[in-house]
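**Q** Handing you this structure, nothing more for now.
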Amino acid sequence: MLNTIINFIARRGPVEPRVRLDDPGSDAVWQTGRIESGGYRFEVKAYGLPSEFGIEGGCISTLTVTDRWSRNEIMLYDRGWIIEPHTDEHKAILKLILDTFIPLENPPTE
């Protein structure tokens, strides 16, 4: 039985990490979530519009990513990098998060 389970898992291949929000559909500025299959949690402060203070000029002005097991911060951004992503894995996690929080294309005008 164990060999059957191992063979099934091996055939599936590696699991692609993806973002899972704790409160999907919320329009709150502060959001929390996790990276599935990665063991990371994150908290972001994201607005609907890009900003000069956002990561890469985007809508995320504050980001904290922690390792779920050690609880160590692996990335920290607060209008500027405090702890930058250095490994390829951490850079991939940042890209996933940035792709999740995309600024509005047509912001409302007053």
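**Q** Identify all residues within segment 77-101 that are aliphatic (A, V, I, L, M), farther than 16 Å from S37 by Cα and within 12 Å of the chain's Cα centre (by Cα); write none if there are none.
**A** Across segment 77-101, the qualifying residue is only L98.
Residues are listed down the side, and each one gets a yes or a no for (1) out of contact with any Cys (no Cβ under 7 Å at 6 or more places or on another chain); (2) of a type in the set (S, T, N, Q); (3) in contact (Cβ under 8 Å) with a residue 40 or more places away in the chain; (4) in a loop (DSSP other than H, G, I, E, B):
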{"residue": "V19", "(1), (2), (3), (4)": "yes, no, yes, no"}
{"residue": "S26", "(1), (2), (3), (4)": "yes, yes, no, yes"}
{"residue": "P50", "(1), (2), (3), (4)": "no, no, yes, yes"}
{"residue": "E56", "(1), (2), (3), (4)": "yes, no, yes, no"}
{"residue": "V65", "(1), (2), (3), (4)": "yes, no, no, no"}
{"residue": "L76", "(1), (2), (3), (4)": "yes, no, no, no"}
{"residue": "I82", "(1), (2), (3), (4)": "yes, no, no, no"}
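**Q** Of the conditions (1) modelled with pLDDT of 80 or more; (2) surrounded by 11 or more Cβ atoms within 10 Å (Cβ to Cβ); (3) within 20 Å of M75 (Cβ to Cβ), G48 clears all except one; give me its number.
**A** Condition (3) is where G48 drops out.
**Q** Taking the residues in segment 84-107 that are buried (at least 17 other Cβ atoms within 10 Å of the Cβ) and in a loop (DSSP other than H, G, I, E, B) as candidates, determine which candidate is modelled with the highest pLDDT.
**A** Among them, the one singled out is P85.
**Q** A follow-up question, please. Please work out which residue is modelled with the lowest pLDDT, limiting yourself to segment 20-35 and to residues that are more than 16 Å from L49 (Cα to Cα) and either touching a strand residue (DSSP E or B) at 6+ places or on another chain (Cβ under 6 Å) or surrounded by 18 or more Cβ atoms within 10 Å (Cβ to Cβ) (or both).
**A** D22
**Q** May I ask you to list pairs of residues, at least six apart or on different chains, whose Cβ atoms are under 6 Å apart, with the first in segment 90-101 being within 11 Å of I60 (Cα to Cα) and the second being at pLDDT 90 or above and among the β-branched types (V, I, T)?
**A** F101/I60
The values are calculated or read from the model by the stated rules, or taken from the named source; none is laboratory data. Values in this document were obtained by computation on a predicted structure and should not be read as measured data. Here Cβ is always computed from backbone atoms with ideal geometry, including for glycine, and neighbour counts include all displayed protein chains.
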